[in-house]
Each structure stands twice: as structure tokens, then as C-alpha cells.
Amino acid sequence: MKPSLCIFLVGLVPFVLGMARKTEISVRFFAEANAQDTDKFATPIALKNPPRAAYIEKISTINEKMIKAVYPFQAKDGTWGCAFRLNESGKLNLEVVSTERRGSSMVVFVGTKTGTHQVIDVLVDKPIRDGIVSIPSGLTEIEIAALTKEFPVIGQQKQKRSLFGRSPKPPAS
């Protein structure tokens, strides 16, 4: 085998094995589970709105890999909120869970290098078909900075990049 082909194949291995770049932030939406589900499928949790004991599914319904773009905003309580535009897979998951689990809660966890915390639990009150889900409050400035670094911000123009990752120089006047 030629040396250049070997180098190419070695460089391809991480992508084949699913070891692509890790994100700096995790965003996980978990659907409320049935209390009769076993501990293999559900985890007990204390919900905040309204305060009560409940269970959530162990596998998230929506995660950061399904996010296409974000729209951060300042919440009334001084924290941050964020709207998320989802890809087709996330959009479908959101539509299914918001239709089938109406009246139950979705619990959101966000994690960065500084730790993971339960941000909010929101009541599922109607089907969501547009693929946009929102966290109305509870995010920190660090989490918003990580989100805007990781994902395109809705309403902001994309900067064109050259082949080497640098922004092109503005035209001379």
C-alpha cells in the first residue's frame, strides 16, 4: 500500500468510528415517563413547575445533535432563554412527543465544561409541528456563549470563510 493512501485511511478512521468533533455544550430534552416504567426505562426526578415528583425517560427525545440553529434572548428574570430550530429528525421527534404526550412535561438539561443542570420543565400543551422548541429562561451567560459558538444564530448572516478558515478581506475602496 502506498504511504499516501495509508495516511488517508488513518485519517479517515475517526470519522468511520463516529469519533467526530465533540460539542462544547449538551442540550437534552427528556419526556416525562410513566411511573410504572421500570428503572431500565425511567428515572425519578423532582419537577419544578409545578413542584412534584415524577419520572423521565432515560433516553432524551431531543439532543444537541438535532439542533440546526439557535436564537438566544434575555429572559424577564435576568437569566437567558433560547429558541432552537431542529433538523428533520429533531422536528419529527418534537412533533411526535408533543402530540402523544400532551399534558405531560418535558425536562431540559444543559451541560457545559462547568457542569450539567436541570434548566426547566415545561408543560406540553399543544402539538409542535414547525420544529422550533424554546427554553423560556434559566440559561446562564456561559451556556449562551457556548450555544452561539456551536450553532448558527437565527437572523445573523453567515460569514464566508476561505479555504483555510479565515474570513475574506473586505474589498478595497
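Tabulated data for the structure shown
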{"quantity": "All positions within segment 53-105 that are open to solvent by less than 30 Å² (accessible area, probe 1.4 Å) and assigned to a helix (DSSP H, G or I)", "calculated": "64, 66, 90, 94, 97, 98"}
{"quantity": "Pairs, first on the phi > 0 side of the Ramachandran plot in segment 91-115, second of a type outside the set (Lys, Arg) and modelled with pLDDT under 95, C-beta under 9 Å, six or more apart", "calculated": "103/123; 103/124; 103/125"}
{"quantity": "Breaking point among (1) at pLDDT 95 or above; (2) open to solvent by 10 Å² or more (accessible area, probe 1.4 Å), for residue 108", "calculated": "(2)"}
{"quantity": "Test for residue 47: is it open to solvent by less than 70 Å² (accessible area, probe 1.4 Å) and either modelled with pLDDT under 90 or touching an Asp or Glu at 6+ places or on another chain (Cβ under 6 Å) (or both)", "calculated": "yes"}
{"quantity": "Number of the condition not met by residue 116 [criteria: (1) assigned to a helix (DSSP H, G or I); (2) farther than 23 Å from residue 154 by Cα]", "calculated": "(1)"}
{"quantity": "Residues being out of contact with any Gly (no Cβ under 9 Å at 6 or more places or on another chain) and over 23 Å from residue 89 (Cα atoms) - total across segment 119-142", "calculated": "3"}
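The values are calculated or read from the model by the stated rules, or taken from the named source; none is laboratory data. As the structure is a computational prediction, the values presented were derived from the model and not from experiment. Note that we place each Cβ from the backbone using ideal geometry, even for glycine, and neighbour counts take in every protein chain shown. The accessibility values were calculated without ligands, DNA or RNA, using every heavy atom of the protein model including side chains. Shrake-Rupley method; radii C 1.70, N 1.55, O 1.52, S 1.80 Å.
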